[in-house]
Amino acid sequence: MTEADSLLCVKGLLLERGERVLLRGFDMNVAAGELLIVEGENGSGKTTLLRTLAGLARYGFQGQIQCLAETLLYLGHRPGMKQLLTPRENLAWYCSSQGSGAGEIDRALAQVGLYGYEDELCQNLSAGQQRRVNLARLYLSTAPLWLLDEPLTSIDREGVQKLGERMVEHARDGGAVILTSHQDLPLDYPVTRIKLGVA
């Protein structure tokens with residue numbers, strides 16, 4: 001891997017939460033085309049790691065984090081949307097900085113199984129449907145680096161398969177994906193796995 005291929009470089013990361021050390025001396029180099037799954041038990045630091053990489057962590061850290069991607073997409077494990085807006089309206093707000101049009105938004109919603117729900121208030125959608133609104137951003141994002149925290153929560157088997165295919169497509173196009181998941185994600189693509197909470 002050349003320096004030009006690298007999208008994220010982490011050296012000597014120390015992560016603490018309260019009095020507890022989550023990570024010590026953690027190194028990671030993520031290249032274009034890489035798909036990386038972070039595994040570990042609840043409380044092992046998966047979400048804290050992703051939030052730290054995205055610049056959103058509430059906890060202090062030591063070490064070096066160098067993001068070489070111009071932009072990144074972070075999706076947390078909670079649906080990131082306004083309940084009193086429709087799926088189309090939520091994504092239109094997101095796309096205001098992406099340059100995507102209404103047609104692309106509707107196609108993204110169709111990709112995640114929300115055709116016909118574009119104008120329904122998000123508060124009236126099921127938990128899985130709300131999750132899919134957020135995941136539609138994967139079909140709209142131009143960011144090369146994706147940080148996805150438990151993206152498969154409340155998603156059925158067919159949806160999991162399609163999301164896996166989208167992640168592989170993104171990696172093959174020169175992007176990179178870092179995700180956490182408690183669920184098995186069948187992928188026809190090389191995967192790097194990092195296990196947290198292991199001495």
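Summary of computed values
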| read-out | value |
| --- | --- |
| Which of E165, E19 has the fewest Cβ neighbours within 10 Å, and the rest in rising order | E19, E165 |
| Leading residue at positive end of dipole, region 88-199 (Cβ point charges), from Q130, M167, P190 | P190 |
| From the C-alpha gyration tensor of the chain, square roots of 5λ in Å | 29, 18, 16 |
| Sum of side-chain charges, G159 neighbourhood, beta-carbon under 13 Å (Lys, Arg +1; Asp, Glu -1) | +2 |
| Where Rh is the Kirkwood radius over Cα pairs, Rg/Rh for region 1-111 | 1.04 |
| Counting DSSP beta bridges with both ends in the chain, the antiparallel % (nearest 5) | 45 |
| Amide H within-cut-off set for V38, under 5 Å, with H built and near neighbours excluded | L179, T180, S181, I194 |
| Neighbourhood charge, 15 Å Cβ-Cβ cut-off, centred on L84 and excluding it, Lys, Arg +1 and Asp, Glu -1 | -1 |
| Student exercise, region 83-141 dipole from Lys, Arg, Asp, Glu Cβ charges, in Debye to nearest 20 | 220 |
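We did not get these values from a lab; they are worked out from the coordinates using the rules stated. The shown structure was predicted, so the numbers you read here are calculated from the model rather than taken from an experiment. Reconstructed Cβ throughout: ideal geometry from the backbone, glycine too, with neighbour counts over all protein chains shown.
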